[in-house]
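The values are calculated or read from the model by the stated rules, or taken from the named source; none is laboratory data. All figures in this text were calculated on a predicted structure; none of them were measured in a lab. Note that we place each Cβ from the backbone using ideal geometry, even for glycine, and neighbour counts take in every protein chain shown. Protein only, heavy atoms only, side chains kept; ligands, DNA and RNA dropped before computing areas. Shrake-Rupley method; radii C 1.70, N 1.55, O 1.52, S 1.80 Å.
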Amino acid sequence: MTNSKGSIEIVESYMYKDLDSESIASSYSALKSGQTHYVDVPGVPEVREAAAEWVNGYGVINAEKDNIIITSGLQESRFLATQVVTSPEGQIAIPAVANPGASLAASLRGCHVENVACDEETGLLSSDALESDVVSASQTIFLENPSRVTGAIYSNDFSTHVNRFTDQGKHIVVDTGLSPWLSSVDNMYKVDVSSADGSIIAIGELWPGLGIEPQGLGFIAAPLNVAEKIVKMKQVLSICTSTPAQFAALELSGSWKKMFNDSKSKNEIEALVSL
Amino acid sequence: MSQQDKNTTKKKLTGTALFYSLIAKAKELDAIVLGRGDPDFDTPSNIVEAANRAMKTKDLRSSPVEGLFELRQAISDRVSKINNIDVDPNDGVVVTNGGQEAIMLMVLATTSAGDEMIVPEPNYSTYLDALAFAGGAKVGVPTVMENDFAVDPTLVEQAVSDRSTSVLLVSPNNPTASVIPTDTMETLVDIAAKNDLVVLADEIYDQFIYDGGVHCSPQSLASGKDRTLTLNAFSKAYAMTGWRLGWITGPAHLINKVKLLKASVSGPANVVSQYAGIEALTGPPDALEDMKARYHRRRKVVLDAFDSMGISYGMPQGGQFIFGDVSHLGVDSVELAAKILDEAHVLVYPGGAFAPDSKYYVRVTFLQPEAKLKEGLERMSKVLSKMSK
Ligand SMILES: Cc1ncc(COP(=O)(O)O)c(C=O)c1O
């Protein structure tokens, strides 16, 4: 499905259904009872907690509430995460096969985006590419896992590369947003956010497929040192994420897994890449 | 944490970050909040009902990055009626995630590394954060209490250099509550035109003008029309801070840049909030009128309290707060705000966080019900009177 974004087309990688009546009722009831004010910058605490638990099932490990920032959708996650770990005069490596949203977000202040050649079939960076000069010269590396274009994944042993990058002082931003659509995440490389001064960040949509999308709801899972910087930038950028979205999501989080699997098996929702 | 640690932490924080550390402390203490600009009113029920209807019945998938056409049309009608601004909803409006995102987008659209923005000070601190992010530099123009914090066009003109690209005009201003009169606005916009500057106009408090004052939008003036980006938002006027909904209007050549930036930064604003916004602008105005009447009364409560505490101020002509001079106490306002919070459990904002020259000022909002407002001011007064003994 393609969403018209003015002069820019950002292609969505899956088809979703409308929000269920319980989540609507819950959002309405929260708004009616006065949840219409600014909330904490990184998100409503209960939503952050639910999000931490949820991301730990899909491409992230060891996330706790304080690692999580609730954003106004995937694009804001891309923007905050890449901007915090790049500088205007720096360079970020982004696979040539990726959703254009990442390059748009990362290049906004002039950071040079180096599009790295990908394996033709999978759209993933090959070992050669990962060891290439352009990647070595980059301060930050952005990856999609699974790829939003092909659905292919980096497997567990990808951590060897990640460790090498972090030893070199590089930052890595991994978009894990499509991982719930995989039949199993067992073999997938997962982002560990437990180290206090780590440098690997995961981003994505929260509880996808079931209609929270038009309200914009994304996450960033980051080590505490980076999370703190992202919260500061989010304060300046948008103060907090909208309460209608957060309270709808809180309800949705409880029943998401069952509804997601049911809807998927009935083909009401589908990933538009082969996973 | 030891007292010494606390003090070092406080000293390090400035601007927006300082406000947020005070907010966190106030929350811990369950303090009376006369600091943050969040109206105590909940969003009017007709707006909440519209959101519910939208969630149940509307196709929510259709918002382009610049916002639903129906909302942009309502914004275009609103600014035409209230601000005398003429914009085409097709290419003159972008809906944003609150006024805050609008600030970042306006600053990024007009500032490259090394560019200068002329900023009357004190001012809303997020502008400086956004400017720092964009790599731009602030050229401050002081405004002073003795002159009711009026913006002096001569000083603005003197601040122009060959690196200037924009001038910021926040009217009513936060934190000083000054309003730029029409004749001054005309002069300021002419200066901008003569020097080819973009005017960044922040009108988030345009509904709150007191004592028969008049609000003038630079974008409504002939020489401002093609060079002004105007920010406004639903947060303050409709008590919708949590919905994260605002807008920017401007000429197509600038709005196109803003739209592109919006797609890079976040994508369309929450579509449910957008439907709520349509109701806010097109539904009955009763709730807004009621809130305005209450703010008038509360403003008087704060002015009376300041008078009795010996706090001087420039006459506040707009907004939802008053900026008072506490220099007679001889204590830096960051320290004073911390003391009032610690001892009286009342949050007020230190002026120093808005501009270095305002370190002997505090900003007190009137965004609490009258009884609570009075209670907060009384508690504050007790702390102050102990200090002046
Ligand atoms: C002058 C000014 N502009 C913009 C904003 C941002 O408002 P919001 O993002 O809540 O709409 C504020 C908030 O206090 C403000 O005072």
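The mean count of C-beta atoms from other chains within 10 Å of the C-beta of residues in B:59-71, rounded to a whole number, is 3.
Computed on protein heavy atoms with a 1.4 Å probe, what is the summed buried accessible area for the chain pair B and A, in Å² to the nearest 100? Write down the numbers at each step before the final one.
Numbers: alone 16190 and 12010 Å², together 24160 Å².
About 4000 Å² of accessible surface is lost on pairing.
Enumerate the lysines that B:Lys56 could reach by cross-link, defined here as Cα to Cα under 17 Å, with residues fewer than 8 away along the same chain left out. The reachable lysines, counting only those whose Cα sits under 17 Å from B:Lys56, are A:Lys17, A:Lys32.
Applying the Kirkwood pairwise sum to the alpha-carbon positions of the range A:10-274 produces a hydrodynamic radius of 18.4 angstrom. For the pair A:Lys232 and A:Glu89, the difference between a 0.36 nm per residue extended length and the Cα-Cα distance amounts to 49.4 nm. With a 1.4 Å probe and all protein chains left in place, how much of the accessible area of chain A comes from carbon and sulfur atoms, in whole percent? Carbon and sulfur together cover 47 percent of it. Inter-chain Cβ neighbour count for B:268-277, averaged per residue, equals 6 (cutoff 10 Å, partner chain atoms only).
In the range B:36-51, comparing the full protein assembly with the chain on its own, the residues that lose 50 Å² or more of accessible surface at a 1.4 Å probe are B:Arg36, B:Asp42, B:Val48. Applying a length cut-off of 24 Å (Cα extent along the axis) and a mean Kyte-Doolittle floor of -1.0 to the DSSP H helices of chain A leaves A:243-265.
Quick check: Cα centre of the range A:139-154 to Cα centre of the range A:202-275, how many Å? Each part's Cα centre sits 18 Å from the other's. Between B:Ser312 and B:Asp325, the built amide H atoms are under 5 Å apart, and every one of these is 5 or more places off in sequence or on another chain.
The HN-Hα couplings worked out from phi for the range A:103-108 by the Karplus form 6.51 cos²θ - 1.76 cosθ + 1.60 (θ = phi - 60°) are 5, 4, 5, 6, 8, 4 Hz, whole numbers, x standing for Gly and Pro.
In this rough spin-label picture, where each label sits 7 Å from Cα along the Cβ direction, the B:Leu29-B:Thr182 distance is 4.5 nm.
Under a cut-off of 12 Å between alpha-carbon atoms, report the aspartates and glutamates in cross-link reach of B:Lys257, not counting same-chain residues fewer than 8 places apart. Partners within reach: B:Glu66, B:Asp91. For B:Lys236, the aspartates and glutamates whose Cα comes closer than 14 Å to its Cα, not counting residues fewer than 8 places off in the same chain, are B:Asp38, B:Asp40, B:Asp42, B:Asp202, B:Glu203, B:Asp206, B:Glu289, B:Asp290. Pairs from the list A:Lys232/B:Lys27; A:Lys65/A:Lys234; B:Lys292/B:Lys374; A:Lys229/B:Lys359 with a Cα-Cα gap above 20 Å: A:Lys229/B:Lys359. Reported to the nearest whole Å, the Cα centre-to-centre distance from the range B:74-115 to the range B:322-387 is 33.
Remark: the range B:233-242, residue by residue, has Karplus-estimated 3J(HN,Hα) of 7, 8, 4, 7, 6, 10, 6, 10, 4, x Hz, where x stands for each Gly or Pro and the curve is 6.51 cos²θ - 1.76 cosθ + 1.60 at θ = phi - 60°. Residue separation of B:Asn46 and B:Ala132 scaled by 0.36 nm, minus their Cα-Cα distance, works out to 27.0 nm of gained length. For chain B, the fraction of C-alpha pairs more than 32 angstrom apart is 33%. Taking trypsin sites (Lys or Arg not before Pro) across the range A:191-275, the ones in a DSSP loop with at most 16 further Cβ atoms lying within 10 angstrom of their Cβ are A:Lys266. Between A:Ala96 and A:Glu121, the contour length at 0.36 nm per residue exceeds the alpha carbon distance by 7.7 nm.
Peptide A:27-34 shows a mean partner chain C-beta count of 6 within 10 Å per residue C-beta. Please check the range A:68-95 for residues whose accessible area, probe 1.4 Å, is lower by 30 Å² or more when all protein chains are in place than in their chain alone. When all protein chains are present, A:Ser72, A:Gln75, A:Phe79 each give up 30 Å² or more of accessible surface. Near the amide H of B:Ala233, within less than 5 Å, lie the amide hydrogens of B:Trp247, all on another chain or at least 5 residues away, with H placed in the peptide plane. Taken per residue, the accessible surface of the range B:45-282 reaches 31 Å², heavy atoms only and a 1.4 Å probe.
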